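Below is one structure, written out as structure tokens; the observations come after it.
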Amino acid sequence: MPIKINCFMGKLGWNARKYMPNLASGAYLKLQFLTRSRAQKKYVDYFLGGDKIPMPNVVNIETINRCNSTCAFCTANVNAEKRPLMKIEDDLYYSIIDQLADWGYKGHLTLYGNNEPWLDTRIVDFHKYAREKLPESFIFMSTNGLLLTIDKVKEIKPYINQLIINNYSLEMKLHPNLEKIVRYVKAHPEEFEDLDIQIQMRYLQEVLTNRAGSAPNKKATEKVIKETCLLPFTDMWIMPNGKAGLCCCDNYEVTDFGDLHKISVKEAWEDPRLMEVRRMIADGRQNYKFCQHCDFIDAGFRMQLVKAILENGEDAAHRIGGQERMKVFGQEK
């Protein structure tokens, strides 16, 4: 597949995020809540109303809790990071992948959270193992690209379906190393025909969501968000300490719905405490303290996944690939 360079709403959107960040963020979120709330609620009702608990649509495994960027909206940036350094244990990682395989998991997998995956020297080996054990899963990597080279792209490409490169910068132009990658891929398209490479042009200091009050440049207000949220119903969030957290907005790793050193992946996903939180959130975020002021809403591929499930059953989501995902790819974290 040819490499693609995307910028949400083009130059107009870039300038809005740069020169009117709060206005752009507010307008964007109002639009997303307006257009997505009904579909979100429909999937939440489907999730809670069945005879069995559906599998996660996306499993996120953060293998190391460090980043090398300075994104103003993220607590993982090098100027704001407060978490003790943690790397997932090798044995635990391999156990998680084995359990997903035994569970029959075919959904999306990413070895990424609030971090930069290339800071983990094991990242290629980890992806190789995941591909061997989960051949039908859609495996994608999100990276800020600062450490990326064409050799790294070649090294990782046999094991992933999609490479998402978030080019965070103050100007609307590619980093020099990414310019080299773009030139090489365009000159050798046959080498990358099985890999979907997407570069997202992102403003380094943009304002996104408040991430449950953890975003450095957008603190949570007293406003209560009454809409439900997809993430606890679609995503399994695994932190490097082996805990299953609530979602990606738990930047400080404070939620805990099971220690995967002690219980299985399936048990953590179906944990009665997590199910109770899901039921609370289903009636509005105001019912759960961690979420009540959070304004995060997924504007990306999860909506495509849940729509496919609602229309054609759970197996339909497994067939959502890179091109279908990118049709709805927006301002994700």
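The values are calculated or read from the model by the stated rules, or taken from the named source; none is laboratory data. Computed from a predicted model, the values in this text were never measured in an experiment. Cβ placement follows ideal geometry from the backbone for every residue including glycine, while neighbour counts extend to all protein chains displayed. Accessible surface is based on the protein model in full, side chains and every heavy atom, while ligands, DNA and RNA are left aside. Shrake-Rupley method; radii C 1.70, N 1.55, O 1.52, S 1.80 Å.
With θ taken as phi - 60° and the Karplus curve 6.51 cos²θ - 1.76 cosθ + 1.60 applied, the whole-hertz 3J(HN,Hα) list for the range 284-289 is x, 5, 4, 7, 10, 4 Hz, x standing for glycine and proline. On a per residue basis, the chain carries 43 Å² of accessible surface, using protein heavy atoms and a 1.4 Å probe.
Roughly speaking, to the nearest percent, how much of the chain's 1.4 Å accessible area is carbon and sulfur? Show your work: numbers first, answer last.
Working: 7570 of 14370 Å².
Carbon plus sulfur share of accessible area: 53 percent.
Per-peptide packing, taken as the mean over residues of other Cβ atoms within 10 Å, places 3-9, 34-40 in the sequence 3-9, 34-40 from highest down.
Counting only heavy atoms of the protein chains and using a 1.4 Å probe, Val207 has close to 20 Å² of accessible surface. The listed residues Lys186, Lys133 rank as Lys186, Lys133 when sorted by accessible area, largest first, using a 1.4 Å probe.
Of the cross-linked pairs Lys30/Lys307; Lys87/Lys186; Lys41/Lys106; Lys52/Lys289; Lys154/Lys262; Lys152/Lys173, which ones have a Cα-Cα span greater than 29 Å in the structure shown?
Numbers: Lys30/Lys307 21 Å; Lys87/Lys186 35 Å; Lys41/Lys106 24 Å; Lys52/Lys289 27 Å; Lys154/Lys262 37 Å; Lys152/Lys173 21 Å.
Violating the 29 Å Cα-Cα cut-off are Lys87/Lys186; Lys154/Lys262.
The listed peptides 108-118, 281-291, ordered by packing as a protection proxy, come out as 108-118, 281-291 (highest mean of other Cβ atoms within 10 Å first).
Taking a 1.4 Å probe, which of Asp250, Asp98 shows the most accessible area, and what order do the others take after it?
Numbers: Asp250 5, Asp98 50 Å².
Largest to smallest exposure gives the sequence Asp98, Asp250.
Can you give the accessible area of His293 in Å² (nearest 10), computed on protein heavy atoms with a 1.4 Å probe? Surface open to solvent at His293 totals about 40 Å².
For every helix of n ≥ 4 consecutive DSSP H residues, a contribution of -39,500 (n - 2.57) applies; sum these over the chain, divide by its total residues, and give [θ] at 222 nm rounded to the nearest 500 deg cm²/dmol.
Values: 11 runs with 120 residues, N = 333.
So the calculated ellipticity at 222 nm is -11000 deg cm²/dmol.
Across the chain, C-alpha contacts under 8 Å between residues 6 or more apart give a mean separation that, scaled by the residue count, equals a relative contact order of 23 percent.
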